Each structure stands twice: as structure tokens, then as C-alpha cells.
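The values are calculated or read from the model by the stated rules, or taken from the named source; none is laboratory data. Note that the structure is a prediction, hence the values are computed from the model and not measured. Neighbour counts run over all protein chains shown; Cβ positions are idealised from the backbone, glycine included. Surface accessibility is based on the protein's heavy atoms, side chains included, excluding ligands, DNA and RNA. Shrake-Rupley method; radii C 1.70, N 1.55, O 1.52, S 1.80 Å.
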Amino acid sequence: RPEFYSAANTGAVAVSSGQPLARDVPGTGVILADGDALATAVVGIAEDAMAALGGVGQVRTDGKFTLADWPAATGAAALVPGARYYLAAAAGTMSTVPLALVGQVHQEIGYAASATELMIELSNPIVL
């Protein structure tokens, strides 16, 4: 059963559906996640697009997430079926290659069940 909650984008950048999100510093909203610090590790995937500075949308934390077009989150139109996806260094992105530099955050987001479906299985973030 998918889990999700409603949250406001408190960041200065708009969020696209499918992008990984982190809690903001006060813990009252969400911002784009990135692998540069533990504070910006993934808490879920944006189910809805959210305008900058207050746009509200659903954050999916578990289960199957379907999206026809993935370029905002992966840089490609489709997912690679069977591939695992990890938090990337650039804000709001994920990659099939995990981060590996000292100080970066290693976190698995899930795996591609198909070219359009991501099975969200968030791992605990680890600072390398």
C-alpha cells in the first residue's frame, strides 16, 4: 500500500513530479534532495509538481510510483528497467550510479519495475 503525505515546497526552486525531496531545515516543508549533506537526504518522491516558495503537493514515501516522463529526476525520458536508483549530487535528481566521494550521502531510492514505474524503497542515508 503506497504511503504519502501532503507538504509545501519551501525551496526557491519549483519541483517537478518524480523528483526526490528532503525535509527543509525547520522540518515544516520539503525541498529538493541532494547527496551533498545528510540534512538533504531523501524522504520521498514528489507525486505532484509544486511551485517554488509554498506550492503544495503529495510526497510519496513507499510503493509504486508511475510517471510517463522522467527527465527532471533522471535526465532521461525513461527509467532503466531493473536498475536501482540512488540519490545524486545535483538537487532533485537520482542516478543508477551511487555517490562514492567522501562526505557525500549514499542512499538508495528504489528500483525501476519498468520504464515508467519506480518501486520506492528508501534506504537509510549513509555519509561516506
Open item on the list: As an exercise: evaluate Thr28 against (1) closer than 16 Å to Gly18 by Cβ; (2) β-branched (Val, Ile, Thr); (3) part of a loop (DSSP other than H, G, I, E, B) and give the number of the one condition it does not meet.
Closed with: (1)
Task: Pair list, Cβ under 7 Å, 6 or more apart: segment 113-128 residue closer than 15 Å to Glu47 by Cβ, other residue assigned to a loop (DSSP other than H, G, I, E, B) and of a type in the set (A, V, I, L, M) - done: Thr116/Leu67; Thr116/Ala68; Thr116/Ala78; Thr116/Leu79; Leu118/Leu79; Met119/Ala113; Leu122/Val42
- [ ] Give the residue that is farthest from Pro98 (Cα to Cα), with candidates limited to residues of segment 14-52 that are among the aliphatic types (A, V, I, L, M) and at pLDDT below 95.
- [x] Val25
TODO: Among the residues of segment 61-98, write down those that are open to solvent by 50 Å² or more (accessible area, probe 1.4 Å), closer than 15 Å to Gly35 by Cβ and in contact (Cβ under 8 Å) with a residue 40 or more places away in the chain.
DONE: Ala90, Ala91
Open item on the list: Quick check on segment 77-90. Is at least one of its residues assigned to a loop (DSSP other than H, G, I, E, B) and touching a helix residue (DSSP H, G or I) at 6+ places or on another chain (Cβ under 8 Å)?
Closed with: yes
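Taking segment 61-76 as the search range and keeping residues that are under 13 Å from Ser16 (Cα atoms) and either basic (Lys, Arg) or in a loop (DSSP other than H, G, I, E, B) (or both), which one is nearest to the chain's Cα centre (by Cα)?
Trp70
Can you tell me which residue in segment 15-60 is surrounded by the most Cβ atoms within 10 Å (Cβ to Cβ), limited to those that are hydroxyl-bearing (Ser, Thr, Tyr) and touching a residue at least 60 places away in the same chain (Cβ under 8 Å)?
Let us first name the residues in segment 15-60 that are hydroxyl-bearing (Ser, Thr, Tyr), namely 16-17, 28, 40.
Checking which are touching a residue at least 60 places away in the same chain (Cβ under 8 Å) leaves us with 16, 40.
Numbers: Ser16: 18, Thr40: 22.
Across segment 15-60, the extreme among qualifying residues is Thr40.
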